[in-house]
Amino acid sequence: IDEAGQARFDALIEADGRIEPRDWMPAAYRKTLVRQISQHAHSEIIGMQPEANWITRAPSLKRKAILMAKVQDEAGHGLYLYSAAQTLGIGREEMTDQLIAGRARYSSIFNYPTPTWADMGAIGWLVDGAAIANQVPLCRASYGPYGRAMVRICKEESFHQRQGFEILLELSQGTDAQHAMAQDAVDRWYWPSLMMFGPPDDESPNSAQSMAWNIKRFSNDELRQRFVGMLVPQAEVLGLTLPDPNLRWNDETQAYDMSEIDWTEFHEVLAGRGPCNAQRLQHRRQAHDDGAWVREAAHAYATKQAAATEQ
Ligand code: FAQ
């Protein structure tokens, strides 16, 4: 153990400072960051699929252009995050191999299907909304490259959340059938979006250490509560109902009372048995295989360039 390095690291964390790639850091800190950042990157990449499902069927040219831009943003987020993880010493290929072999985690939320156009609204409003609630505090994460990547990502997520809200608002104020489609999408995405924040605090093995290292700033349950508090007034504006009959403000606890989350469903999805897990991985593998020629060409070009500069 590098005692001087450890002392400097401890002092930086204590002063709420930033750890940079060349600084000494404890192996467990590095490992936790690789775990969280790589699963976050994989989420962005797998997260392109549910919405990509509607690009060819968007109801207007304008909606199609917006949706394409949003899905491309998610690819960009994945790339910043893979780059941030690479500064910790793990290679892009290794992370990709872990993902396509089914050995890596990515967010549970992307294992649900998108059967209707209203799902594009519900994903933007609820999924991007949850992502913002979770990620704004990560802008202050102690690891520099991760925190800095989060700043730009959060700005883009805010636009995504607004566009989702606007899709739902238009549907909600449309015909009865459109209103019903918006409500159905909210009914299906509400609970899975609450699960995005992770297991309850007393079953979250990583939280305490991640908070001590200033990676996480709030616990899973704190962020979940904050998110529900954001949703309630917005649902009123939308004219849509959040599907929890027990949801109400509790003056005594100064928090929302809510029904118990179905943690069995969460664990099933994490174990690979969600509605779309197999399909998502299969699609990712296929895309990876189809892109092999691009990697080969890039490699051949890089080899040629290297040979040329050596001469
Ligand atoms: N899904 O001890 P904790 C987006 C795992 S947003 C799957 O509480 P931690 C934007 C967890 O990894 C989505 N696994 O863990 C977008 C751990 O397992 P491990 C991505 C989950 O790390 C929008 C175990 O359970 N956002 O992509 C989930 O302290 C629209 C125990 O949990 C992020 O990744 C889950 N929901 O807290 C894109 C944010 N929850 O690793 C496209 C960054 C927990 O020990 C379209 N990540 N697990 O094997 C985080 O903030 C944290 O990692 C948490 C989990 C809060 C997710």
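Since every read-out is calculated from the coordinates, none of them should be taken as a lab result. Small disclaimer: the values here were computed from a predicted structure and weren't measured. Cβ atoms come from the backbone with ideal geometry, glycine included; neighbour counts cover every protein chain shown.
Computed values, structure above
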{"quantity": "Length-normalised contact order for segment 138-271 - Cα pairs under 8 Å, 6+ apart - percent", "calculated": "23"}
{"quantity": "Local electrostatic count at ASP16 - Lys and Arg +1, Asp and Glu -1, tallied over other residues with Cβ under 13 Å", "calculated": "+1"}
{"quantity": "Under 5 Å, built H, 5+ apart or other chain: amide partners of LYS216", "calculated": "MET211"}
{"quantity": "Förster-model FRET efficiency, 45 Å R0, LEU61 and ALA27, C-beta, rounded to 0.05", "calculated": "0.30"}
{"quantity": "Long-range amide H partners of ALA255 with built H, under 5 Å", "calculated": "ASN250"}
{"quantity": "Lys/Arg +1, Asp/Glu -1 at C-beta; segment 65-158 dipole; positive extreme among ALA85, CYS139, ALA69", "calculated": "CYS139"}
{"quantity": "Förster radius 45 Å - calculated FRET efficiency between MET230 and GLU94, Cβ distance, rounded to 0.05", "calculated": "0.75"}
{"quantity": "For segment 82-89, Karplus couplings with θ = phi - 60° (6.51, -1.76, 1.60), whole Hz, Gly/Pro x", "calculated": "4, 4, 4, 5, 4, 5, 9, x"}
{"quantity": "Compactness index (Cα Rg / 2.2 N^0.38 Å), segment 159-242", "calculated": "1.35"}
{"quantity": "Per-residue ³J(HN,Hα) for segment 50-56, Karplus 6.51 cos²θ - 1.76 cosθ + 1.60, θ = phi - 60°, Hz, x for Gly and Pro", "calculated": "x, 7, 4, 3, 10, 4, 6"}
{"quantity": "Distance in nm between pseudo-label sites at GLN178 and GLU20 (7 Å out along the Cβ direction from Cα)", "calculated": "5.3"}
{"quantity": "Hull shadow area, averaged, segment 92-211 [alpha-carbon convex hull, nm²]", "calculated": "9.0"}
{"quantity": "Over the chain - Rg/Rh using Cα atoms and the Kirkwood inverse-distance radius", "calculated": "1.00"}
{"quantity": "Spacing of the two label points (7 Å from each Cα toward its C-beta) at ILE1 and ARG285, in nm", "calculated": "4.3"}
{"quantity": "Model label zone, ASN250; criterion: amide N under 20 Å from point 7 Å along Cα-to-beta-carbon; scope segment 198-218", "calculated": "198-204"}
{"quantity": "For segment 66-151, the Rg and Dmax computed from alpha carbons only, in angstrom", "calculated": "14.5, 41"}
{"quantity": "Value of relative contact order over the chain, rounded to a whole percent, pairs C-alpha under 8 Å and six or more apart", "calculated": "18"}
{"quantity": "Per-residue HN-Hα couplings for segment 106-114 [Karplus 6.51, -1.76, 1.60; θ = phi - 60°; Hz; x = Gly/Pro]", "calculated": "8, 4, 3, 4, 7, 9, 10, x, 10"}
{"quantity": "25 °C / 0.890 mPa s Stokes-Einstein diffusion coefficient of segment 180-226, Kirkwood radius on C-alpha pairs, µm²/s", "calculated": "204"}
{"quantity": "Size descriptor, Kirkwood hydrodynamic radius, that averages inverse alpha-carbon separations across segment 154-311, Å", "calculated": "19.8"}
{"quantity": "Diffusion coefficient, µm² s⁻¹, Stokes-Einstein with Kirkwood Rh over alpha-carbon pairs of segment 1-112 at 10 °C and 1.306 mPa s", "calculated": "98"}
{"quantity": "Top of TRP189, TRP117, TRP293 by mean-square fluctuation, Gaussian network on the chain, Cα under 10 Å", "calculated": "TRP293"}
